[in-house]
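Inspection log for the structure reproduced underneath, given as structure tokens.
The values are calculated or read from the model by the stated rules, or taken from the named source; none is laboratory data. All values derive from a computational prediction rather than experimental measurement. Please note: Cβ atoms are built from the backbone with ideal geometry, for glycine as well, and neighbour counts cover all protein chains shown. The area values use the complete protein model at the heavy-atom level, side chains included, leaving out ligands, DNA and RNA. Shrake-Rupley method; radii C 1.70, N 1.55, O 1.52, S 1.80 Å.
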Amino acid sequence: MSTPATITRPAAERTDRIDLLLAASPPRRRAGALAASATFGRRAMLKIKHDPKQLVDSIAIPILFTVLFTYLFGGALGGSPGDYLTMLLPGTLSMSIAIVTMYGGARLAKDVTTGAFDHFRSLSVWRGAFVLGGLLSDAARYLFASAMVVLLGLAMGYRPEGGAPGVLAAVALVVAFGLSLSLLWAAVALLVPDQGVVISIANLVLMPLSFASNIFVQPSTMPGWLQAVVEVNPLSHVATAARELMNGGAGTGAVTWSLVATAVIAGVCAPLDLHLYGRRG
């Protein structure tokens, strides 16, 4: 059989070799859901080497907001930098994780535009493995960013009254909320597969949520209409919950609201991601 003119000889030879290898290979058992998810997660982690901005932002954002705001505004807003850090650090922990969530969606958008997504869809694996693998990679980045915030705070003199259990509980809560946002940006990436658009939409949502919150100042100092916005802002509840857990508070209201917000976002976006994943086929 002659090779069509539209296919170059090297390409045809590569195709022939692949066909021969597949024909000679024994049938393979379908990869399990966890194994496939772990493979996709490892791939996403390796891609950070080619896009170091993800890791740089995980370091720069905590340093920028924690150090800058503590020493610039700590005396005016908290009486002293040390007292202000007690309120600020759990907030910057929540904010830092929320901001870096956009890179998971940007990574997925790039996979869609380059054709890698379609290739992975053709594999005989559980269709949710690609999404879950991305979440595993995101969780690793969020834990890294959380460690940066906590270690930086300790170096600056922050001593959490909640001790190690309170810090670990706060980190777990914030990471869970970040993963729910990852599912949101994954849906945006599948709807609008363009890295720049995904990042722009994420910034358009995350920046107002970050600054129209109780992360930097007490809501009581704000106008009434802005206080109403802060009260319904899920990031405010996450920041308050992190403060309660890290500073030894006994309140559970903010923790409950944070878990509810996380569950609602994940409950809506996870099925939407799977639907959009299947529809692209």
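For Cα extents along the principal axes in Å, one of (i) 65, 48, 39; (ii) 83, 37, 31; (iii) 60, 53, 35 was computed from the structure I shared and the rest are decoys. Which label? Recomputing Cα extents along the principal axes in Å here picks out (ii).
Under the 0.36 nm per residue contour assumption, what length would be gained going from the current alpha-carbon distance of ASN203 and HIS50 to full extension? Show your work: numbers first, answer last.
Numbers: separation 153, 0.36 × 153 = 55.08 nm, distance 2.23 nm.
Additional length available on full extension: 52.8 nm.
Can you give the relative contact order of the chain as a percent, counting alpha carbon pairs under 8 Å and 6+ residues apart?
Working: 344 pairs, mean separation 69.2, N = 281.
Rounded, it is 25 percent for the chain.
Simple point charges give the picture: +1 on the Cβ of Lys and Arg, -1 on the Cβ of Asp and Glu, and for the range 136-244 a dipole about the Cα centre of about 160 debye. The stretch between THR39 and ALA263 holds 78.0 nm of extra length on full extension. This uses 0.36 nm per residue minus the Cα-Cα distance.
Taking the 1.4 Å solvent-accessible surface of the range 192-233 as the whole, the part contributed by carbon and sulfur is 71%.
Once the Cα-Cα distance is subtracted from the 0.36 nm per residue extended length, the TYR71 to ARG127 segment shows a gain of 15.3 nm. To the nearest ten degrees, helix 234-246 and the longest principal axis of the Cα atoms of the chain are 70 degrees apart.
Here HIS119 sits with roughly 100 square angstrom of accessible surface, probe radius 1.4 Å.
In this simple spin-label approximation, ARG279 and ASP83 carry label points 7 Å from Cα along the Cα→Cβ vector, and these lie 5.3 nm apart.
Normalising the average separation of contacting C-alpha pairs (under 8 angstrom, six or more residues apart) by the number of residues puts the relative contact order of the range 225-281 at 26 percent. Accessible area ranking (1.4 Å probe, heavy atoms, ligands and nucleic acids excluded), largest first, for MET95, MET45: MET45, MET95. Modelled this way, with points 7 Å down the Cα-to-C-beta line, the labels at MET222 and LEU136 are 3.9 nm from one another.
With the charge dipole of the range 37-124 set up from +1 on Lys and Arg Cβ and -1 on Asp and Glu Cβ about the Cα centre, the Cα lying farthest toward the positive end among the listed residues SER122, PHE73, TYR103 is that of SER122. Over the residues of the chain, the helix contribution to mean residue ellipticity at 222 nm works out to -26000 deg cm²/dmol, using -39500 (n - 2.57) for each DSSP H run of at least 4. The relative contact order of the range 123-273, computed from alpha carbon pairs under 8 Å that lie at least 6 residues apart in sequence, is 32 percent. Specify the angular offset, from 0 to 90 degrees and rounded to the nearest 10, of the alpha carbon long axis of helix 163-191 from the longest principal axis of the alpha carbons in the chain. Tilt relative to the chain: about 50 degrees.
Heavy-atom accessible area with a 1.4 Å probe sorts ILE215, ILE61, ILE199, largest first, into ILE199, ILE61, ILE215. What distance in nm lies between label points placed 7 Å from Cα along the C-beta direction at VAL192 and HIS119? With each label placed 7 Å out from Cα toward Cβ, I get 2.8 nm.
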